[in-house]
Amino acid sequence: MQFDTKLAEIGALKAKLLTMPRGLYEAREAAREARGRVGEAKKRVVDVKVEIEDGKLETLLLVSAERANGSDKPRYSNEAARNAAVADALAKSSAHQERVKRLAGAEADVVNAELYAGQLDNDVKRLEDEQREWRAVVDLTVAEVTLLVHGR
């Protein structure tokens, strides 16, 4: 009777172990895709930063090209005055404000994507640990059955 019980246990363990590789594969795929989304989000951050810098340079060129009262002299003769004029122009620029908002959104997307990818990586580790634990249970059950068979 005890032998039949152990054989039933082995059957249940076998069924459990046969489902584990698929779940682990799916978890690894989900984690891989999530890490890809992190990379995409980081690329968007870089792209928006480039747009912001391009806008700043364009504004600097426009401010630098301004002339004082129709003369050939620059309107802003020193760097501090030019930088203040650029900062003022950027603060008034709706395009610049939209880029800054997009940057904040893209940076938030990176954080969220990294958190999600981290959770999925933890799920993979948990499933790997669970699979190792179940294999230990199988090894123990097989050892018990072996003892029962030899004890008959």
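The values are calculated or read from the model by the stated rules, or taken from the named source; none is laboratory data. Treat the numbers as computed from the prediction; the structure is a model and nothing was measured. Counting neighbours? That spans all protein chains shown, and the Cβs are built from the backbone with ideal geometry, glycine included.
Numbers for the structure displayed
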quantity	calculated
Failed condition for Ala41, given (1) surrounded by 14 or more Cβ atoms within 10 Å (Cβ to Cβ); (2) under 30 Å from Val149 (Cβ atoms); (3) of a type in the set (A, V, I, L, M)	(2)
Scan of segment 48-78 for residues that are assigned to a helix (DSSP H, G or I) and touching a residue at least 12 places away in the same chain (Cβ under 8 Å), ordered by number	Val48, Lys49, Glu51, Ile52, Gly55, Lys56, Thr59, Leu60, Leu62, Val63, Ser64
Boolean, Val145 is under 17 Å from Pro21 (Cβ atoms), surrounded by 11 or more Cβ atoms within 10 Å (Cβ to Cβ) and not charged (D, E, K, R)	no
Residue satisfying condition, being crowded, with 17+ Cβ neighbours inside 10 Å and either under 30 Å from Lys16 (Cβ atoms) or out of contact with any strand residue (DSSP E or B) (no Cβ under 9 Å at 6 or more places or on another chain) (or both), within set Leu140, Leu127	Leu127
Lone qualifier among Ala15, Ala30 - being of a type in the set (A, V, I, L, M, F, W, C) and either at pLDDT 85 or above or surrounded by 12 or more Cβ atoms within 10 Å (Cβ to Cβ) (or both)	Ala30
Which numbered condition Ala89 fails, given (1) touching a residue at least 40 places away in the same chain (Cβ under 8 Å); (2) touching a Ser or Thr at 6+ places or on another chain (Cβ under 6 Å)	(1)
Selection status of Leu115, closer than 30 Å to Lys43 by Cα, out of contact with any helix residue (DSSP H, G or I) (no Cβ under 8 Å at 6 or more places or on another chain) and either among the aromatic types (Phe, Trp, Tyr) or part of a helix (DSSP H, G or I) (or both)	yes
